[in-house]
1. Using the Karplus equation 6.51 cos²θ - 1.76 cosθ + 1.60 (θ = phi - 60°), what ³J(HN,Hα) coupling, rounded to whole Hz, does each residue of region 179-184 give in order, writing x for Gly and Pro?
2. Mind listing which trypsin sites (Lys or Arg not before Pro) in region 145-242 are in a DSSP loop and have 16 or fewer other Cβ atoms within 10 Å?
3. What does the helix-only formula give at 222 nm for the chain: each DSSP H stretch with n ≥ 4 adding -39500 (n - 2.57), the total divided by the residues, and the result rounded to the nearest 500 deg cm²/dmol?
4. May I ask you to derive the FRET efficiency for Tyr20 and Tyr110 from their Cβ-Cβ distance with R0 = 35 Å, giving the value to the nearest 0.05?
5. For region 37-53, just list the computed ³J(HN,Hα) in residue order, Karplus coefficients 6.51, -1.76 and 1.60, θ = phi - 60°, integers in Hz, with x standing in for Gly and Pro.
6. What's the extension gain from Ala301 to Ser80 if we count 0.36 nm per residue and subtract their Cα-Cα distance?
7. If you plug each phi of region 140-156 into the Karplus form 6.51 cos²θ - 1.76 cosθ + 1.60 with θ = phi - 60°, what whole-Hz ³J(HN,Hα) values come out, in order, with x for Gly and Pro?
8. Apply 1/(1 + (r/R0)^6) to the Cβ-Cβ distance of His144 and Leu205, taking R0 = 30 Å, and write down the FRET efficiency to the nearest 0.05.
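Here, each number is a calculation from the coordinates, and none is a lab measurement. Source: prediction; values computed, not measured. Here the Cβ positions follow ideal geometry from the backbone for every residue, glycine too, while neighbour counts run over all protein chains shown.
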Amino acid sequence: MSLFTAGGNFHGNQINVGLYPRVHRTPLGVATRANANVTSGSGYVQEALNLAANKLQLTGGLRYDAFRFDVRDRVGPASSNVESAGRIQPKAGLAYTPSHRLPLALYANYGRGISSLDARSILQRPDGARVATTDFYQAGTSHHFHGFAFATDAFWIDRSNELVYVADDGSLEFLGPSRAYGFEAKASVELTRRLSVSGGLTKVLNAYFRGTEPRVYVDRAPHFTANAGLTLSRWRGWSGSVRMRTINHYRLSGQDSTIRAAGHTVFDLSAVRRIRRNLDFNFSVDNFTNRLYYETQNYIASRPYAGGPASYGIHATPGYPVTFSVGLTFRWHSH
C-alpha cells in the first residue's frame, strides 16, 4: 500500500520597518525607514510505502522553497536591494516493527528545514546570508502496550548557519555553521480510566560552532528541558491538569563557561467544569507556586548612562507571576 501527497503554498509579506530614536517621548530623528517585500513560494511531493505485511514503513519526500527579498531603503536609497534565494529540503523515514505481537517499533528519520532573517535584520546586514538550512538526523525506539507508552531517540543536528538573537538591538543574525547532538525520552501512563500521567525530557550533550579553534560553544540555549503532567478526564463533569516545565541553567558566553543563566521550574493548573451541554466553566492558574524566574537572559554590554563606560552584565526578562484566569465557554450546536 502506498500514499502519494503533493502540494504547494505562497506567503507574501509587505513590511514597513522604522526606527526612530527618542529621549522620553521626544523624537530625535530617523535611524531606519524602509519598505521590505519578502515573498516565498514552495512545492513539495511525498511518497509513503507500507511493505512486509505493514511491518516496514518507508517515507520519502522533497520540497523546494524560493524566497525573494525586496528592500527599499528610504533613508539611504543606495542600500536598496533585490535578492532571491532558494533551498531544497529532502526528507526520509523508516519504521520497522519486528512483530505485530510485540509492542516495539524501530525508526530512523532524516529531514532538512530552513530559516530566514526578518526584514529588520536583512536591512541591517544587506551583505549577509538570508537563508540557512538545518539537517536533522534521528534514530530511536517506541513501545506501546496496555496503558503504557514509551519512546526514546538520539538526534544529531547540523546547521549551515546558527540563527541567534542580538539582545542589544533586537535583531537576528547568522553566526556560522553549528552542530548539536543529544537524546530524548517521553512516556505516558494511564493510572486509571480517568487519570493519566505523562512526561518527557530532552538532553543536549553538546552544541558548538563548527570550524572554531579553540572551540566556541552555542550559548543562550538550555541543554536540558523537561515537562510532566497529571491529567484528569471527565470525572463528575470535571477535566483538568497540572503541568510542570523546567530547564537547567545554561551558558551565556560561547567562550566562558562560568557565565551562566539561572534555570527554572514552573507549575501551571487548569480545570474545566461542564455546566450544561453547551456551557463550560474554565479556571486556570499559571505559575501557581508564584516562582520567581526569568523567561530570557542575555549577557551583553550596556552603558548606565549616555556616554558612560560600557560594561558586561546579565540582562533578563522576568517571567509571569501567579496569574488567575476564569471564563465561560458557550457552544451553539447545529443540526
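1. In residue order, the calculated couplings are 9, 9, 8, x, 8, 9 Hz.
2. For trypsin sites (Lys or Arg not before Pro) across region 145-242 that sit outside H, G, I, E and B with at most 16 neighbouring Cβ atoms in 10 Å, the list reads Arg193, Arg194, Arg210, Arg215, Arg236.
3. -500 deg cm²/dmol
4. E(calc), rounded to 0.05, equals 0.15.
5. Each residue of region 37-53 in turn: 10, 10, 10, 8, x, 8, x, 8, 9, 8, 10, 10, 10, 10, 10, 6, 6 Hz.
6. So the extension gain works out to 76.5 nm.
7. x, 9, 9, 9, 8, 8, 6, x, 10, 10, 8, 9, 9, 7, 10, 9, 9
8. About 0.65, to the nearest 0.05.
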